[in-house]
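Here's the structure we're looking at; comments come further down.
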Protein chains: 2
Amino acid sequence: MHYCSSCGHETQKKVPEGDHRLRDVCDHCQTIHYQNPRVVTGCLPVYKDKVLMCKRAIEPRKGFWTLPGGFMELGETIEEGAARETREEACAQVTIESLYMLFNVVHVGQLSAFFLAKMESPEFAPGEESEDVALFSEDEIPWDQLAFSTIGRTLRHYFEDRREGLFPMRLEYVTPPDQRA
Amino acid sequence: MHYCSSCGHETQKKVPEGDHRLRDVCDHCQTIHYQNPRVVTGCLPVYKDKVLMCKRAIEPRKGFWTLPGGFMELGETIEEGAARETREEACAQVTIESLYMLFNVVHVGQLSAFFLAKMESPEFAPGEESEDVALFSEDEIPWDQLAFSTIGRTLRHYFEDRREGLFPMRLEYVTPPDQRA
């Protein structure tokens, strides 16, 4: 990329504030031109019988609880991306175990993946994009303060599947908010 | 998008030749600016004991055999994309059954998915991007004329799994060609 696709001025390679990678940035209109697959990849990090969650410090859904996740980047596998997001948002090290949920989030042009992941120790802390990070048992999950519908669906499946001891991969569809009952 | 990111001239919305969707196209330098997730989605279409394959009419790997697949588009689910590519490349109707293979193809910035799919009837024909389309039994597969390593790996898993009657989803990594033994 040499020119801004919004205003036509020349772009620069730089790391935007709060980001960790080089992007094509327009200094004239401030547009950041991301070039990556619109795959969202994240974890359901488990320590003993608890799940690690992050309280979002950024919009959208600032102040609501989520599972660590974000856009898959060029140069990494989808499971490396899930582990990286967990390090960045929750300062936690995880071992990726299996692909668990895959959501078609068509209305925002995203394919969103969650992996089951294991934490070897209860070490975590809020990353730049998190206000708080905490481990929750099933009866402690803040069900009415979840950031996205995908988070609640992933957690509900997890606790149900845990009772059966089987964690099949599921591919599901996310209805746009304005079409929900 | 209003300006070409390569040359800075104004772009036009049009459907490029051989494409079916509106793209931002630069009439000055001829660049087509695609805006979609870099997810590749395809099928392993099965009719009775045979698999439907396409002989590529376009580069890369023109003249080699592949499974129907291509880039996931905005506005569709990943399984709708797999079915669409099968219609476009093989003029075949499929019922998507399950996600079967997911490949990290990091060196080209792609996540490539193949779904098991069922054909209700042996109706197919070459689409615009195919020179030929044919059903192959296991001993008829053109193993030495496959377009991509993902195709051979998907087919080998399929025929092995078929003997067991179990088709687990697999997530695998594709080594770049210049690093292969």
- Residue under evaluation A:PHE114, criteria (1) surrounded by 18 or more Cβ atoms within 10 Å (Cβ to Cβ); (2) without any contact (Cβ under 8 Å) to a residue 60 or more places away in the chain, criterion not met: (2)
- Query: If the Cβ limit is 6 Å and pairs must be 6+ apart or interchain, which residue in the stretch A:160-171 that is charged (D, E, K, R) pairs with which residue that is part of a loop (DSSP other than H, G, I, E, B)?
  - Reply: A:ASP161/A:PHE167
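Run down A:LEU74, A:LEU166, A:LEU135, A:LEU102 and say which single residue is assigned to a strand (DSSP E or B) and either within 14 Å of chain B (Cβ to nearest Cβ) or surrounded by fewer than 17 Cβ atoms within 10 Å (Cβ to Cβ) (or both).
A:LEU102 is the lone residue from the list that is assigned to a strand (DSSP E or B) and either within 14 Å of chain B (Cβ to nearest Cβ) or surrounded by fewer than 17 Cβ atoms within 10 Å (Cβ to Cβ) (or both).
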- Out of all the residues in the stretch B:46-67, is one or more part of a loop (DSSP other than H, G, I, E, B) and at the interface with another protein chain (Cβ under 10 Å from one of its Cβ atoms)? no
- Of the conditions (1) of a type outside the set (Ser, Thr, Tyr); (2) out of contact with any helix residue (DSSP H, G or I) (no Cβ under 9 Å at 6 or more places or on another chain); (3) at pLDDT 95 or above; (4) surrounded by fewer than 16 Cβ atoms within 10 Å (Cβ to Cβ), B:ALA125 clears all except one; give me its number. (2)
- Item | Count of residues meeting criterion [at the interface with chain A (Cβ under 10 Å from one of its Cβ atoms) and without any contact (Cβ under 8 Å) to a residue 40 or more places away in the chain] in the stretch B:77-99 | 4
- What residue, of B:ASP178, B:ASP161, is surrounded by 14 or more Cβ atoms within 10 Å (Cβ to Cβ) and among the acidic types (Asp, Glu)? B:ASP161
- Task: Look through the stretch B:11-42, keep the residues that are closer than 20 Å to A:GLN110 by Cα and modelled with pLDDT of 90 or more, and return whichever of them is farthest from the other protein chains (Cβ to nearest Cβ).
- Result: B:GLY42
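One line per residue, one yes/no per condition, for (1) among the acidic types (Asp, Glu); (2) farther than 11 Å from B:THR66 by Cα; (3) assigned by TED's automatic domain parsing to the domain that holds B:GLU97:
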{"site": "B:ALA134", "(1), (2), (3)": "no, no, yes"}
{"site": "B:GLU138", "(1), (2), (3)": "yes, yes, yes"}
{"site": "B:LEU146", "(1), (2), (3)": "no, no, yes"}
{"site": "B:GLY152", "(1), (2), (3)": "no, no, yes"}
{"site": "B:LEU155", "(1), (2), (3)": "no, no, yes"}
{"site": "B:GLU160", "(1), (2), (3)": "yes, yes, yes"}
{"site": "B:GLU164", "(1), (2), (3)": "yes, yes, yes"}
{"site": "B:MET169", "(1), (2), (3)": "no, yes, yes"}
{"site": "B:GLU172", "(1), (2), (3)": "yes, yes, yes"}
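Can we say B:CYS7 is assigned to a loop (DSSP other than H, G, I, E, B) and hydrophobic (A, V, I, L, M, F, W, C)? Show your work before the answer.
Working: assigned to a loop (DSSP other than H, G, I, E, B): yes; hydrophobic (A, V, I, L, M, F, W, C): yes.
Yes; evaluated as a whole, the condition is true for this residue.
Okay, residues lined up against (1) within 13 Å of the chain's Cα centre (by Cα); (2) of a type in the set (S, T, N, Q):
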site: A:PRO45; (1), (2): yes, no
site: A:MET53; (1), (2): yes, no
site: A:ARG56; (1), (2): yes, no
site: A:GLU73; (1), (2): yes, no
site: A:GLU76; (1), (2): no, no
site: A:ALA83; (1), (2): yes, no
site: A:GLU88; (1), (2): yes, no
site: A:GLN93; (1), (2): no, yes
site: A:GLU97; (1), (2): no, no
- Somewhere in the stretch B:110-119, is a residue within 14 Å of chain A (Cβ to nearest Cβ), at pLDDT 95 or above and assigned to a helix (DSSP H, G or I)? no
- Item | Some residue of the stretch A:78-86 being small (Gly, Ala, Ser) and either at pLDDT below 90 or assigned to a loop (DSSP other than H, G, I, E, B) (or both) | no
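The values are calculated or read from the model by the stated rules, or taken from the named source; none is laboratory data. Please read these numbers as outputs of a predicted model, since none were measured by experiment. Please note: Cβ atoms are built from the backbone with ideal geometry, for glycine as well, and neighbour counts cover all protein chains shown.
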